[in-house]
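Undergrad: A single structure is presented below for examination.
Every number in this text was worked out from the coordinates using simple rules, so none of it is lab data. From a predicted model like this one, the values you see are computed outputs, not experimental measurements. When we count neighbours, we look across all protein chains shown, and the Cβ atoms used for this are built from the backbone with ideal geometry, even at glycine.
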Amino acid sequence: MNACTVCSTTLQAGACDWHQRCPACAYERGHLTPVINQQAVHDTVDEVGRDQALRELRLSNANALLSLLQRHLRAGQQRLLDVGCSHGWFLQTAARHFQALGIEPDHVVAASALAIGLPVREGYFPDVLAADERFDVIVFNDVLEHIPDARAALQASRAHLDPGGVLLLNVPDRQGVYYRLACGLQRLGLRGPFRRMWQVDFPSPHVHYFQADNLTELLRQSGFELLQATSVPAVSRNGLWQRIRYAQGSLAGAVVSYLLLSLALPVLARFQSDSLVCLFSPSRPIAQPVA
Ligand SMILES: [Zn+2]
């Protein structure tokens with residue numbers, strides 16, 4: 001339980017009682033438990049507000065991710081799987097270019113995506129796939145950091161990805177400027193931003209924080225090689241007000257946060273983004289289990 005997900009080194013105490021760090025590769029673990037599909041938690045999450053708060057940023061990032069994918073795909077590679085498609089922000093855009101399928105474990109969220117006609121299967125990856133289903137592209141867009149057994153999810157991706165396919169991961173970067181600010185504030189005793197970065201008390205909190213090199217190493221061990229590592233904006237002026245209004249309880253607090261963040265955005269944009277995007281290709285045949 002306390003071994004590093006990437007390199008198996010024993011994890012050390014982190015910033016608080018549920019947080020640990022790897023002294024060897026800098027991987028971070030949050031011992032937070034997903035509670036997807038529990039009604040009490042759903043009642044505390046305003047899904048409509050969350051949808052509106054993140055829509056603008058997610059739609060613009062979806063276009064950026066699709067452009068990145070196109071650079072690494074050949075003509076005819078059409079089958080795309082969006083793992084943890086949520087409300088379908090990415091899926092909706094991807095479906096214009098691909099034969100796309102989404103998987104979403106949260107019943108309420110999956111139902112809302114199905115209601116607007118998106119091709120979504122409700123359940124967990126890879127359980128809802130047939131053993132022989134193959135894809136040219138598998139995408140984990142803000143998803144891998146929520147999956148406790150990330151290694152198993154990557155190995156399942158290897159099994160369901162065509163040998164010439166592309167795996168796209170978009171994960172929070174522990175070297176990102178907002179995460180580093182949140183860590184600094186945590187050390188000063190201001191715990192809110194750090195808890196927010198890990199999505200404590202959300203139905204599906206973050207359980208991993210990677211950076212480019214340890215993520216690439218985890219993927220190498222799972223049968224992938226890196227094609228490209230880059231980033232997309234984690235925060236933008238588009239939709240900023242809706243996002244702050246959703247996160248901030250009071251109107252006055254939201255106005256102050258919006259003004260401060262609007263002023264700081266041009267400065268913060270010069271530092272490393274919190275959204276790490278890595279594209280991988282399968283590197284070798286999967287070892288067959290010994291009978
Ligand atoms: Zn490690």
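Undergrad: Counting just the residues of the stretch 1-30 that are closer than 16 Å to Gln199 by Cβ and out of contact with any strand residue (DSSP E or B) (no Cβ under 8 Å at 6 or more places or on another chain), which one comes out nearest to the ligand (Cβ to nearest atom)?
TA: Ala15
Undergrad: Among residues belonging to the stretch 98-141 that are in contact (Cβ under 8 Å) with a residue 60 or more places away in the chain and in contact with a strand residue (DSSP E or B) (Cβ under 6 Å, 6 or more places away or on another chain), point out the one that is farthest from Leu32 (Cα to Cα).
TA: Ranking the candidates gives Asp136 first.
Undergrad: Right, something else. Grab the helices (runs of 4 or more DSSP H) fully contained in the stretch 135-222, keeping just those with 3 or more residues being surrounded by fewer than 21 Cβ atoms within 10 Å (Cβ to Cβ) and within 16 Å of the ligand (Cβ to nearest atom).
TA: Passing ranges, in order: 212-221.
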